[in-house]
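Read through the structure below, which is laid out as structure tokens, and then see the notes.
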Amino acid sequence: MIQTGFDTRPIEMQPMWLITYQAPAEDIDRVFDAICAITPLVQGNTDRNGYRTPGGQEYYRPREGTPAGAEDELRRRPGVNEMRFFLPRDENVLDAVIEAIYEVHSYYEPVIIVQEVLRSLCRGLDYSDNPHRWWNNNGDWKTAP
């Protein structure tokens, strides 16, 4: 099923790759812009789709061979975010995206995770009167009081 997906009446579950990268908060948008220059990250009628999780703390200890040199103490860097997005399973696009992340990332060893997943895609059924949809229930988050 993870290779082929499946369909329900309102939703198609599509085989995709879920890509996650970690970066300092100030780097996330620069990296995401580089990715979007390669692929539009489309879902339905929107593009540039991603999900950013806010600041965690990264742990690491530089070893011999790192650009800054080996250290004895464990480092704890605050403000490291994760960004997630989906890609169709196209190896050429995946290669280009990973190279773009590496090119503009501030780390020499960026954390990039690729997972095989199924992602939902709405079939476009008319649910415009559904009382649970945001446009029928307090409107857009951008204009809410």
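The values are calculated or read from the model by the stated rules, or taken from the named source; none is laboratory data. The structure displayed is predicted, hence computed values, not measured ones. Backbone-built Cβ (ideal geometry, glycine too); neighbour counts: all protein chains shown.
The table below lists the values:
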| quantity | calculated |
| --- | --- |
| Residue list for region 36-50, restricted to those being surrounded by fewer than 12 Cβ atoms within 10 Å (Cβ to Cβ) and at pLDDT below 95 | 44, 45, 46 |
| Of all residues making up region 115-145, the number that are more than 26 Å from residue 84 (Cα to Cα), at pLDDT 75 or above and among the hydroxyl-bearing types (Ser, Thr, Tyr) | 0 |
| First in region 18-42 and under 16 Å from residue 103 (Cα atoms), second anywhere and among the small types (Gly, Ala, Ser) and in a strand (DSSP E or B), Cβ under 7 Å, 6 or more apart | 24/79; 31/23 |
| Search result, residues across region 29-54 that are farther than 14 Å from residue 84 by Cα and assigned to a strand (DSSP E or B) | 46 |
| Residue match in region 92-108 (condition: surrounded by 12 or more Cβ atoms within 10 Å (Cβ to Cβ), part of a loop (DSSP other than H, G, I, E, B) and free of Cβ contacts under 8 Å to residues at least 60 places away in the same chain) | no |
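One line per residue, one yes/no per condition, for (1) within 18 Å of residue 119 (Cβ to Cβ); (2) modelled with pLDDT of 95 or more; (3) surrounded by 13 or more Cβ atoms within 10 Å (Cβ to Cβ):
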residue	(1), (2), (3)
4	yes, no, no
24	no, yes, yes
34	no, yes, yes
52	yes, yes, yes
62	no, no, yes
66	no, no, yes
85	yes, yes, yes
